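First up is the structure itself, then whatever we jot down about it.
The values are calculated or read from the model by the stated rules, or taken from the named source; none is laboratory data. Bear in mind the structure is a predicted one, so any value in this text is a computation, not a measurement. Note that each Cβ is placed from the backbone with ideal geometry, even for glycine, and that neighbours are counted across all protein chains shown.
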Amino acid sequence: MNEAVDFSKYVPYFFVYLVSFILSSFFYPSLIESLLNRFPVLFEDGKIKIENNKIELGKYIGILERAIILLSLYINQYSLIPMLLTAKSIIRFPEVEKGGKGYVEYYLIGTLTSFFLALITGTIVIVYLKILEANL
């Protein structure tokens, strides 16, 4: 009755999920930042007015949004993804409205890049794990 559970077959799954969250948390923020640095935010007076602490907070928001997207993919709760995008857009609407066209484009490039990276990573992980499971 007291049979030991063999967790060794779950080790590859754990590491694949772990790597996807590590990529999302540590590699993707730098990638997105380097992409966004190519597109300066222009406000009405022609100056970039993003303060350093806001950029840092934006990185953490991005990490959390990518983690939520990955988790929603892994647990098959796809409806969380549009809810997240909608909530983020509603909260950011006053900034986007005040920032003008330059800020809107900057915001969209950052958000869509973040979502794209999370979706691609999650899809690759899901396909890889299905292949791994088929070969076990």
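Confirm whether residue 110 is small (Gly, Ala, Ser), part of a helix (DSSP H, G or I) and farther than 23 Å from residue 64 by Cα. No, not satisfied. Scanning the stretch 85-117 for residues that are more than 19 Å from the chain's Cα centre (by Cα) and on the phi < 0 side of the Ramachandran plot turns up 93, 94, 95, 96, 97, 98, 99, 101, 102, 103. Look at the stretch 61-84: where a residue is on the phi > 0 side of the Ramachandran plot and in contact (Cβ under 8 Å) with a residue 60 or more places away in the chain, no partner that is part of a helix (DSSP H, G or I) and of a type in the set (S, T, N, Q) sits 6+ places away or on another chain with Cβ atoms under 9 Å.
Within the stretch 57-78, if we keep just the residues that are assigned to a helix (DSSP H, G or I) and either among the basic types (Lys, Arg) or over 11 Å from the mean Cα position of the chain (by Cα) (or both), the residue that is surrounded by the most Cβ atoms within 10 Å (Cβ to Cβ) turns out to be 66. When the stretch 118-135 is filtered for residues that are surrounded by fewer than 12 Cβ atoms within 10 Å (Cβ to Cβ) and under 11 Å from residue 12 (Cα atoms), only 133 remains. State whether one or more residues within the stretch 94-112 are among the hydroxyl-bearing types (Ser, Thr, Tyr), within 21 Å of residue 23 (Cβ to Cβ), surrounded by 11 or more Cβ atoms within 10 Å (Cβ to Cβ) and modelled with pLDDT of 90 or more. There is no residue in the stretch 94-112 that is among the hydroxyl-bearing types (Ser, Thr, Tyr), within 21 Å of residue 23 (Cβ to Cβ), surrounded by 11 or more Cβ atoms within 10 Å (Cβ to Cβ) and modelled with pLDDT of 90 or more. Candidates are the residues of the stretch 26-42 that are among the aliphatic types (A, V, I, L, M) and crowded, with 17+ Cβ neighbours inside 10 Å; the one that is modelled with the highest pLDDT is 32.
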